[in-house]
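Colleague: Provided herewith is a single structure, encoded as structure tokens, for subsequent inquiry.
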Amino acid sequence: MKNSDNSNAKLVQNDTFLSRTFNSAVIPSILTTLTGTITIIVDGILVGQKIGLNGLAALNYCLPLYMIQCVIGSLIVSGAGIISSRLIGNSDHKGANDYCQVAVTLGIIVSVLLTFFGVLFLDPISKALCSDPEITPMIVEYAYITFLGTVSRVLLYIPFWYLRIEGKNNHVLISVAIMAVGNIILDIVFLFGLGYGVAGAALASVISTTVATMYGLIILFSKKTRVNFEFNLKMPTLAMMKKIFVTGSPAANNNLMQTLRLLVVNYLLTYFGGTDMVAYFTVINGVASVSESITVGVPSAGIAITGICYGEHDNPSLRIILKKEIIYGILLCLVFGAAIIFGSDYIAMAYGVDGSIRFPMMCLAASLVPALLCGILIHFYNVTGHEVLSNTMITLRIFVFAAITTFLLQYNDMAPWPFLFQEQVLTLFFWIIASGFIARRRKLSRFLLLDTELEHSGNVINFSSDSSAEQIAGASEKIVTFCENNDMNPKEVMSVSLALEEIMALIAEVNRDHAQEKRNNEKNTVPGDLSNNSDLVLFDIRVFKIQGVIGIRFRYDGIPFNPVAEENQSDMYMGIRLVTKITQTIVYRVVFGMNSLSITI
Amino acid sequence: MNINEASNGDQITLSVSGRVDTTTAPDLQTSITNAFEKSADLVIDFSEVEYISSAGLRALLFGQKTAQSKNGSMVVTNVTDAVKEVLDITGFSNILTIQ
């Protein structure tokens with residue numbers, strides 16, 4: 001007779017489910033960053049071609065205005081977004097929604113104020129940016145329209161962040177593509193067609209950004225497509241504002257440091273090497289900004305799911321996501337690094353630069369992996385509440401070490417380009433020392449600075465399963481050991497075991513039926529064969545007993561399906577009807593594009 | 001799950017031990033079917049059954065219907081407290097004969 005006992009095998013979490021989730025986010029994230037970068041490059045080329053050096057200079061002088069908008073947007077929205085993802089992980093969906101609404105409200109208020117004062121003090125601001133009488137009028141034109149576009153520029157961050165939390169990474173990419181393609185088309189129309197000058201370039205940027213923002217907000221909030229977030233205006237409390245600004249500070253600091261870096265490094269290169277060096281640096285910066293599609297894009301792909309897992313105190317899942325980011329990112333860095341070294345002559349040709357840039361490209365290639373590691377750690381610490389460490393690493397990596405190493409190399413009559421990887425490596429050395437200090441002081445895990453008390457307590461277990469009958473029955477049986485180790489009585493043990501089996505079995509069956517129906521509707525398909533392993537649903541499950549509360553959290557892929565959406569008296573739903581009678585609460589949500597079901601017993 | 005079959009005159013007793021779940025319920029159903037081919041009266045001893053899910057309940061329901069079709073009987077005996085609770089919650093206590 002069949003015996004389902006398999007007591008020697010343990011319940012373990014594998015990375016299959018989280019890999020699938022991460023993989024669905026990483027390509028859109030990389031393409032989103034890349035599209036943004038290419039837009040800036042093409043924008044500059046078009047303006048330079050039509051208006052000339054003065055137009056390019058005016059654009060460059062107005063860069064601080066653009067950076068201020070980015071700082072505001074990233075400060076408010078990344079702060080609120082990270083908090084929202086943590087709250088979702090903590091099953092506080094109302095709280096997550098509140099922070100979204102606060103982000104919208106604060107974003108509108110601050111950007112309207114900036115627009116008002118920017119337009120009011122347009123002349124003195126423009127003269128402060130540049131007092132050259134040939135360029136100032138262009139700055140006034142560009143700045144005026146840029147200020148008018150502040151609201152859409154700032155609110156653009158809302159769908160950028162919150163659509164990622166919803167797992168709608170493709171819509172983020174579409175939004176960026178609208179902005180990029182729209183900007184280029186409108187540049188051509190306004191600059192070449194209508195001859196509007198720099199105002200045309202600003203108008204193209206504002207209109208394309210506004211359309212992209214509207215698209216993103218509609219997908220996020222419209223009744224037909226929204227999932228977790230509802231549009232509304234909500235004034236923040238002081239405590240909420242403080243939390244948002246602290247959590248969003250690394251993103252804002254990053255933008256600020258990038259501006260300072262540009263100013264200081266340009267100055268040092270000019271001082272020691274002349275304008276030729278700055279020209280080379282422009283090429284390197286252009287290529288480096290493309291590489292950010294990997295060094296920024298890959299960690300950005302994991303940021304929302306990291307927040308959700310952190311909110312759940314799910315350390316094993318956090319480690320899996322980090323591992324995916326590192327492996328994925330390193331492979332891409334190696335490919336990109338090889339490409340820029342072997343393609344350095346072509347890059348030089350494209351920029352019209354005389355002489356070889358192979359050595360700078362080798363230095364940039366060497367910097368990619370440490371830059372990736374720094375980027376992953378900075379994002380991770382930002383999400384997991386170590387904002388001070390995150391901010392410190394940003395400041396050191398982007399500004400302090402860049403300035404120091406550039407200065408020292410040139411002061412000693414050496415080429416400056418090794419600063420590109422020295423700044424990253426020095427930051428990693430700092431991290432090794434600082435994280436050791438913090439870990440010892442606050443009794444956290446050594447490098448990731450996680451509180452491991454819960455995972456070592458034995459009160460929580462994470463494991464993975466697929467929807468095969470054997471795996472479901474095996475999970476339902478093996479969980480008994482965990483339950484008994486946590487002093488659950490026989491009724492509670494039975495309830496946990498039953499809930500696991502009945503919920504997973506129903507989800508499996510509904511997905512099989514759906515897959516079969518799909519196959520039946522496809523032409524040239526023979527119905528009835530269910531042996532295709534791709535029909536299997538993947539589950540990541542967490543069972544816990546904490547402070548007397550017994551709970552199970554299911555995450556599963558497959559079709560969006562809420563097992564308790566409606567009363568169903570059919571035979572197939574007998575198990576779920578049983579589960580609803582033995583559980584206290586059952587909550588279903590779609591989180592990060594995944595089905596998520598949480599029950600308490 | 002293990003099932004031992006014992007015959008006592010006209011009555012067959014199936015002693016079930018272990019878990020009756022998605023993977024093992026079909027075996028229980030097969031055993032019940034085979035038993036009813038030999039006799040119209042069936043006793044299922046659940047003293048060693050620690051767990052039953054809806055799949056197991058369906059197998060028992062099938063057995064009950066088979067018993068009725070043969071004008072026979074099916075009795076489930078020595079049910080543990082945990083299993084009894086499942087039978088009570090689902091209303092199967094009113095459908096099956098439990099002793």
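Colleague: Ratio of Rg to Rh for segment A:266-309, alpha carbon only, Kirkwood?
Modeller: Rg/Rh: 1.32.
Colleague: Turning to a different aspect of this structure: Given just the C-alpha atoms of chain A, how large is their convex hull per residue in cubic angstrom?
Modeller: In chain A, the Cα hull volume divided by residue count equals 193 Å³.
Colleague: Separate question: What per residue convex hull volume, in Å³, do the alpha-carbon atoms of segment A:246-449 yield?
Modeller: Residue-normalised Cα hull volume stands at 107 Å³.
Colleague: Find which of A:A239, A:S208, A:F229 sits farthest along the positive direction of the dipole of chain A, computed with +1 on the beta-carbon of Lys and Arg, -1 on that of Asp and Glu, about the Cα centre.
Modeller: It is A:A239.
Colleague: Please state the equivalent ellipsoid semi-axes for segment A:458-600: what are the square roots of 5 times the Cα gyration tensor eigenvalues, largest first, in whole Å?
Modeller: Over the Cα atoms of segment A:458-600, the ellipsoid semi-axes are 29, 15, 14 Å.
Colleague: Name the shape class, rounded, prolate or oblate, that the alpha-carbon gyration tensor gives for segment B:2-98, where a ≥ b ≥ c are the square roots of its eigenvalues, rounded holds for a/c under 1.5, and otherwise prolate holds if a/b is larger than b/c and oblate otherwise.
Modeller: Numbers: a/c = 1.57, a/b = 1.35, b/c = 1.16.
Prolate, because a/c is 1.5 or more and a/b exceeds b/c.
Colleague: So what is the relative contact order for chain B, in percent, with contacts set as C-alpha pairs under 8 Å and at least six apart?
Modeller: 26
Colleague: Once each part is reduced to its C-alpha centroid, what is the distance from segment A:7-44 to segment B:37-99 in angstrom?
Modeller: If you average the Cα positions of each part, the centres end up 50 Å apart.
Colleague: Quick one: compute the contact order of segment A:246-449, relative version, from alpha carbon pairs under 8 angstrom and 6+ residues apart, as a percent.
Modeller: Normalised by residue count, the contact order of segment A:246-449 is 27 percent.
Colleague: Let me ask something else about it. Could you list which residues have their amide H under 5 Å from that of A:Q13, counting only those 5 or more apart in sequence or on another chain, with H placed in the peptide plane?
Modeller: Excluding prolines and chain starts, which carry no amide H, the hits are A:S464.
Colleague: Kindly write out, for segment A:566-579 in residue order, the coupling ³J(HN,Hα) from the Karplus curve 6.51 cos²θ - 1.76 cosθ + 1.60 (θ = phi - 60°), rounded to whole Hz, with x marking Gly and Pro.
Modeller: 9, 5, 10, 8, 5, 4, 4, 9, 4, x, 5, 4, 5, 5
Colleague: Using only Cα atoms, find the angle between the long axis of helix A:79-89 and the longest principal axis of chain A, and express it within 0 to 90 degrees, rounded to the nearest 10.
Modeller: Roughly 10 degrees, rounded to the nearest 10.
Colleague: Moving on to the next point. Using θ = phi - 60° and the Karplus relation 6.51 cos²θ - 1.76 cosθ + 1.60, list the HN-Hα couplings for segment A:125-138 in order, rounded to whole Hz, with x at every Gly or Pro.
Modeller: Once θ is set to phi - 60°, the couplings for segment A:125-138 become 5, 4, 5, 5, 6, 6, 9, 5, x, 7, 9, 3, x, 5 Hz.
Colleague: Report, in debye and to the nearest 20, how large the dipole of segment A:458-600 comes out about its Cα centre when Lys and Arg carry +1 and Asp and Glu carry -1 on their Cβ. Don't jump to the answer; show the numbers that get you there.
Modeller: Numbers: 13 positive and 19 negative charges, 85 e Å.
Here the size comes out at about 400 debye.
Colleague: Using each residue's phi in segment A:338-343, evaluate 6.51 cos²θ - 1.76 cosθ + 1.60 at θ = phi - 60° and report the 3J(HN,Hα) Karplus result to the nearest Hz, with x for Gly and Pro.
Modeller: 4, 5, 6, 6, 6, x
Colleague: At what distance in angstrom do the alpha carbon centres of segment A:417-476 and segment A:313-338 lie from each other?
Modeller: The two parts, judged by their Cα centres, are 13 Å apart.
Colleague: State which entries of A:K168/A:K234; A:K478/A:K581; A:K581/B:K84; A:K443/A:K491; A:K10/A:K491; A:K491/B:K38 exceed 26 angstrom in Cα-Cα distance in the structure shown.
Modeller: Distance filter (> 26 Å) returns A:K443/A:K491; A:K491/B:K38.
Colleague: Same structure, new question: Which order do A:Y162, A:Y280, A:Y215 fall in if you start with the one that has the fewest other Cβ atoms within 10 Å?
Modeller: The order, fewest Cβ neighbours first, is A:Y215, A:Y280, A:Y162.
Colleague: Could you tell me the center-to-center distance, by alpha carbons, between segment A:188-253 and segment A:88-151 in angstrom?
Modeller: With segment A:188-253 and segment A:88-151 each reduced to a Cα centre, they are spaced 10 Å.
Colleague: On to the next question. With contacts defined as alpha carbon pairs under 8 Å and 6 or more residues apart, what's the relative contact order of segment A:107-227 in percent?
Modeller: Working: 127 pairs, mean separation 35.3, N = 121.
Answer for segment A:107-227 is 29 percent.
Colleague: Once both axes come from the Cα atoms, what is the angle between helix A:275-295 and the longest principal axis of chain A, in degrees from 0 to 90, rounded to 10?
Modeller: Long axis of A:275-295 versus the principal axis of chain A: about 10 degrees.
Colleague: Let me ask something else. Taking the Cα centre as origin and putting +1 on Lys and Arg beta-carbons and -1 on Asp and Glu beta-carbons, what dipole magnitude results for segment A:91-157, to the nearest 20 debye?
Modeller: It comes to approximately 180 debye.
Colleague: Is segment A:76-201 best put as rounded, prolate or oblate by its Cα gyration tensor, with a ≥ b ≥ c the root eigenvalues, rounded for a/c under 1.5, and otherwise prolate when a/b is larger than b/c, oblate when not?
Modeller: oblate
Colleague: Averaging the inverse of every distinct alpha carbon separation and then flipping it gives the Kirkwood radius. What is it for segment A:169-324, in angstrom units?
Modeller: Computed over Cα pairs of segment A:169-324, the Kirkwood hydrodynamic radius comes out at 19.8 Å.
Colleague: Determine the shape class of segment A:19-160: with a ≥ b ≥ c the square roots of the Cα gyration tensor eigenvalues, call it rounded for a/c under 1.5, and otherwise prolate if a/b is greater than b/c, oblate otherwise. Kindly include the intermediate steps, with their values, before the conclusion.
Modeller: Values: a/c = 4.08, a/b = 1.63, b/c = 2.50.
Oblate.
Colleague: Additional query: Treat each spin label as a single point 7 Å out from the Cα along the C-beta direction, and report the A:D354 to A:T452 distance in nm.
Modeller: Those two pseudo-labels are separated by 5.9 nm.
Colleague: Okay, moving on. Using the Cα centre of the protein assembly as shown as the reference point, and only Cβ charges (+1 on K/R, -1 on D/E), how large is the resulting charge dipole? Debye, rounded to the nearest 20.
Modeller: 1400
Colleague: Another question about this same structure. Aspartates and glutamates near A:K50 by alpha-carbon distance under 18 Å, same-chain residues fewer than 8 away left out - which ones?
Modeller: Result set, ordered by chain and number: A:E134, A:E141, A:D187.
Colleague: Translational diffusion coefficient of segment A:348-459 at 20 °C, 1.002 mPa s, Stokes-Einstein with Kirkwood Rh over Cα pairs, in µm²/s as a whole number.
Modeller: 135
Colleague: Relative to the longest principal Cα axis of chain A, at what angle does helix A:297-311 sit, 0 to 90 degrees, rounded to 10?
Modeller: It works out to around 40 degrees.
None of the figures in this text is laboratory data; all of them are computed from the coordinates on show. None of the values given here were measured: they were computed from a predicted structure. Please note: Cβ atoms are built from the backbone with ideal geometry, for glycine as well, and neighbour counts cover all protein chains shown.
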